[in-house]
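Single-structure report; data block below.
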Amino acid sequence: MADVFLVGAGLTRAALPDMPLLADLGERVCAELSDHQRLHTLMERFNNDIELALSYLGQRYPWQDEPEALYNKADFIIFQQTIATVLQQTQDRFFGDDSPDWLARLVSHWAQRRETIITVNYDLCIEWAAVTEGIVQSPTQVYLGPIQQAATRVGLPEYAPGKAGFGLLKLHGSTNWYYSGGVDTPGEHVYCSPKLMPEHVKAELQAHGGWPLIDHRPLMVPPVFQKTAIYDHHVIRCIWRLAAEAIGESDRIFCIGYSMAPTDLAIRYLLTLNAPARRPQLYIVNKPRTEEALSHLIDRYSRALRNSYRLNIEFAKTHDVLPEFVHWLSDGQ
């Protein structure tokens, strides 16, 4: 049986409670950019809605003159880089600790069955659990798609090469993936930083000239309403195509901690247009805070997916459902 798991921010928040959700991210970014008056003014006008702010900054409008358009382009890049910094700082506080028991069991199950995991998250929560549990030695061992270790850029061999465990498709990029910042550079490499790798690997990189990605920036598809040029990057396109293939061959899909936001049309299209003709079951694994929120969640899924799947809401509950779900999954269900 081919299972596919679509993972959203709810899983990360359950494992790393301080990790900001999209609704919290605007305030955290503003705090990090306390001396950047332009961005503060913009966020105030958009009521700290980071999607609105980035959507505005991400494209040029007819009334803007050249200097204003260039200012916005620069602010867009600063905003993106600061999002990566906020997420990196938050997750780094947890690295070194053991992952929660339910997460450890979940990634072990994925590894045993060589499952395909699709995620919209930028963070390294899943990779952290896989390394902590000894499933892999390097995050690159689970990445599907052409991601290279930073060591190769300075002529060093990859640490723990090859693939192991499960396959992870990060649709929106990752805080530890770096690229040149351009989208019109066919075939350019995307490098994985040595985050979550042993200290001797980092020391060897330092000995060969320091940080090898100083001229690169994180490859992260920004949370905007309109699609940006970064979707045209060949690595991002490759990952989305692999995700479409996995969904098309699936027997069951589990959406863990994913809210099916009305604005996330790309995910809706990915699921519906690649749905198998046999209408497999799609499990909603989520913990809304109230019964009303639960009802809205189920309604969003029903409206988004129409009749493409048979919805299963057994694990859509207002209490902490992940340990119960992982126990059910580990029992061979």
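Data overview
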quantity	calculated
From the options I117, I135, residue that is in a strand (DSSP E or B), in contact with a helix residue (DSSP H, G or I) (Cβ under 7 Å, 6 or more places away or on another chain) and either of a type outside the set (A, V, I, L, M, F, W, C) or assigned by TED's automatic domain parsing to the domain that holds D251 (or both)	I117
Any chance I239 is under 30 Å from G155 (Cα atoms), at pLDDT below 95 and in a helix (DSSP H, G or I)	no
Within the range 305-333, tally of residues that are in contact (Cβ under 8 Å) with a residue 24 or more places away in the chain, farther than 10 Å from W102 by Cβ and surrounded by fewer than 18 Cβ atoms within 10 Å (Cβ to Cβ)	10
Those residues of the range 36-53 which are within 15 Å of Y71 (Cβ to Cβ) and either acidic (D, E) or in contact with an Asp or Glu (Cβ under 7 Å, 6 or more places away or on another chain) (or both), in sequence order	R38, L39
First in the range 38-54 and in the same structural domain as F76 (by TED's automatic domain parsing) and closer than 11 Å to F79 by Cβ, second anywhere and among the acidic types (D, E) and in a helix (DSSP H, G or I), Cβ under 8 Å, 6 or more apart	R38/D75; L39/D75; L42/D75
Of residues in the range 189-236 being part of a strand (DSSP E or B) and among the aliphatic types (A, V, I, L, M), the one nearest to R268 (Cα to Cα)	M220
Test: residue in the range 148-164 that is in the same structural domain as G187 (by TED's automatic domain parsing), assigned to a loop (DSSP other than H, G, I, E, B) and of a type in the set (V, I, T)	no
Complete set of residues in the range 269-304 that are surrounded by 13 or more Cβ atoms within 10 Å (Cβ to Cβ), in a helix (DSSP H, G or I) and among the aromatic types (F, W, Y)	Y301
Considering residues of the range 2-42 that are under 30 Å from A243 (Cβ atoms), among the charged types (D, E, K, R) and not in a helix (DSSP H, G or I) only, the residue modelled with the lowest pLDDT	D18
Sole exception among (1) surrounded by 16 or more Cβ atoms within 10 Å (Cβ to Cβ); (2) on the phi > 0 side of the Ramachandran plot for A130, by number	(2)
Members of the range 61-101 that are without any contact (Cβ under 8 Å) to a residue 12 or more places away in the chain, in a helix (DSSP H, G or I), more than 18 Å from N121 (Cα to Cα) and not acidic (D, E)	P67, A69, L70, A74
Counted residues, the range 43-59 - those being crowded, with 17+ Cβ neighbours inside 10 Å and either in a helix (DSSP H, G or I) or among the hydrophobic types (A, V, I, L, M, F, W, C) (or both)	9
Hey, A164 out of contact with any Leu (no Cβ under 6 Å at 6 or more places or on another chain), closer than 25 Å to A15 by Cα, among the hydrophobic types (A, V, I, L, M, F, W, C) and modelled with pLDDT under 85 or not	yes
Filtered residues of the range 281-333 (kept if hydroxyl-bearing (S, T, Y), under 19 Å from D264 (Cβ atoms) and more than 21 Å from the chain's Cα centre (by Cα))	S302, S308, Y309
Test: residue in the range 254-265 that is on the phi > 0 side of the Ramachandran plot, without any contact (Cβ under 8 Å) to a residue 60 or more places away in the chain and either in a helix (DSSP H, G or I) or buried (at least 16 other Cβ atoms within 10 Å of the Cβ) (or both)	yes
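The values are calculated or read from the model by the stated rules, or taken from the named source; none is laboratory data. Since the structure is predicted, the reported quantities are computational estimates derived from the model, not experimental observations. With ideal geometry, Cβ positions are generated from the backbone for all residues, glycine too; neighbour counts draw on all protein chains shown.
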